[in-house]
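To keep things clear, I will list the structure first and then write my remarks on it.
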Amino acid sequence: MQQQRAGEPRLADFDGMTVPPAAFARDPVTAAYYEQRAAEYDQWYYSQGRFAERDRPGWAAEVDQVVQLVVDLPVARTLDVACGSGFLTRHLRGDVVGLDQSPAMVEVARLRLPRGVTVVGDALVLPFVESAFDRVLTGHFYGHLPVDERAVFLAEVQRAARELIVIDSALRPGMEAEQWQQRVLNNGSRYQIYKRYLTADQLAHEIGGEKLFDGRWFVAARTLWLAGARRTHSPTAPGATCSGGSPTAS
């Protein structure tokens, strides 16, 4: 049975302590964490640095499978929300925009998307007009969102595109599905980050779609909305900054 990783705190570990309310997309501590992590983020995918000694059987093969899932997606006008370093974004075909709240992450992604656009922006108030994209992709973002942020995010995605694909971390035996994790960066700094792990069926159910991938380490699901079901409010959101390619954000 897969056990909780040593040193990884659970919600129960915070008994008697002040636990911050679950937040992610607009949490300043989370924002600081990912800004600091940008240069080392891909070490997680490549099992380097602090991840080199982790026992993750089959990890590299599943990373390759997830990458291939993205490569095989049909050509489309795609927005990658919380694109991070662009590790997955670079494999999308068609017109591609990567959005992240971290300027440092966006700069890393920009170097990987010479023909795309990268945007610093808010995933809960997408800085694009209604129906601007065919598809929204998001990797390892949805599973961090508490329930209120999930509802806002799904509404925004439905406004901006007719298709959503979510890639996230799989719930494995012996793990707690919902955690406050202590994350440690290479410089020794520590952050508490909210995280959920999901089964493929659960993910598909939450977004109202179908599962695309059901692995030991990763899950993916897809949903498609009818054009008539899209929301018609908040046509634009000001304040985003773009780099690379032709500007598409208002």
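Selection of region 122-154 for residues being within 14 Å of the chain's Cα centre (by Cα) and of a type outside the set (A, V, I, L, M, F, W, C) yields ASP122, THR138, GLY139, HIS140, TYR142, GLY143, HIS144, PRO146, GLU149, ARG150. Among the numbered conditions (1) closer than 16 Å to GLY143 by Cβ; (2) out of contact with any helix residue (DSSP H, G or I) (no Cβ under 7 Å at 6 or more places or on another chain); (3) surrounded by fewer than 16 Cβ atoms within 10 Å (Cβ to Cβ), the only one that GLU178 does not meet is (2). Among the residues making up region 186-198, those that are surrounded by fewer than 16 Cβ atoms within 10 Å (Cβ to Cβ) and either farther than 20 Å from TRP59 by Cβ or under 16 Å from the mean Cα position of the chain (by Cα) (or both) are ASN187, GLY188, SER189, ARG190.
Evaluate the following for ARG37: is it under 30 Å from LEU124 (Cβ atoms), in contact with an Asp or Glu (Cβ under 9 Å, 6 or more places away or on another chain) and in contact (Cβ under 8 Å) with a residue 60 or more places away in the chain? It is false that ARG37 is under 30 Å from LEU124 (Cβ atoms), in contact with an Asp or Glu (Cβ under 9 Å, 6 or more places away or on another chain) and in contact (Cβ under 8 Å) with a residue 60 or more places away in the chain.
Residue-wise test of (1) modelled with pLDDT under 95; (2) in contact with a Pro (Cβ under 8 Å, 6 or more places away or on another chain); (3) farther than 27 Å from VAL106 by Cβ.
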position	(1), (2), (3)
GLU176	no, no, yes
GLY188	no, no, no
ALA204	no, no, yes
GLU210	no, no, yes
PHE213	no, no, no
ALA221	no, no, no
LEU224	no, no, yes
ALA229	yes, no, yes
GLY239	yes, yes, no
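Could you please let me know if THR30 is over 30 Å from THR118 (Cα atoms) and at pLDDT below 95? It would help to see each step written out before you state the result.
Values: over 30 Å from THR118 (Cα atoms): no; at pLDDT below 95: yes.
In short, no.
Against the numbered list (1) at pLDDT below 95; (2) farther than 30 Å from ARG162 by Cβ, SER47 comes up short only at (1). Checked against (1) touching a residue at least 24 places away in the same chain (Cβ under 8 Å); (2) surrounded by 18 or more Cβ atoms within 10 Å (Cβ to Cβ); (3) in contact with a strand residue (DSSP E or B) (Cβ under 9 Å, 6 or more places away or on another chain); (4) outside any loop (DSSP other than H, G, I, E, B), ALA204 passes all but a single condition, namely (1). In this structure, is LEU73 modelled with pLDDT of 95 or more and aliphatic (A, V, I, L, M)? Here the answer is yes, as LEU73 does meet what is asked. Filtered by the rule that a residue be over 14 Å from the mean Cα position of the chain (by Cα), closer than 22 Å to ASN187 by Cβ and of a type in the set (D, E, K, R), region 19-75 gives ASP27, GLU35, ARG37, GLU40, ARG50, GLU53, ARG54.
Restricting attention to region 141-162, which residues are among the charged types (D, E, K, R) and surrounded by fewer than 20 Cβ atoms within 10 Å (Cβ to Cβ)?
Looking only at region 141-162, we keep the residues that are among the charged types (D, E, K, R), and these are 148-150, 156, 159, 162.
Passing the criteria: ASP148, ARG150, ARG162.
The values are calculated or read from the model by the stated rules, or taken from the named source; none is laboratory data. This structure is a prediction, so every number in the text was calculated from the model and none was measured. Please note: Cβ atoms are built from the backbone with ideal geometry, for glycine as well, and neighbour counts cover all protein chains shown.
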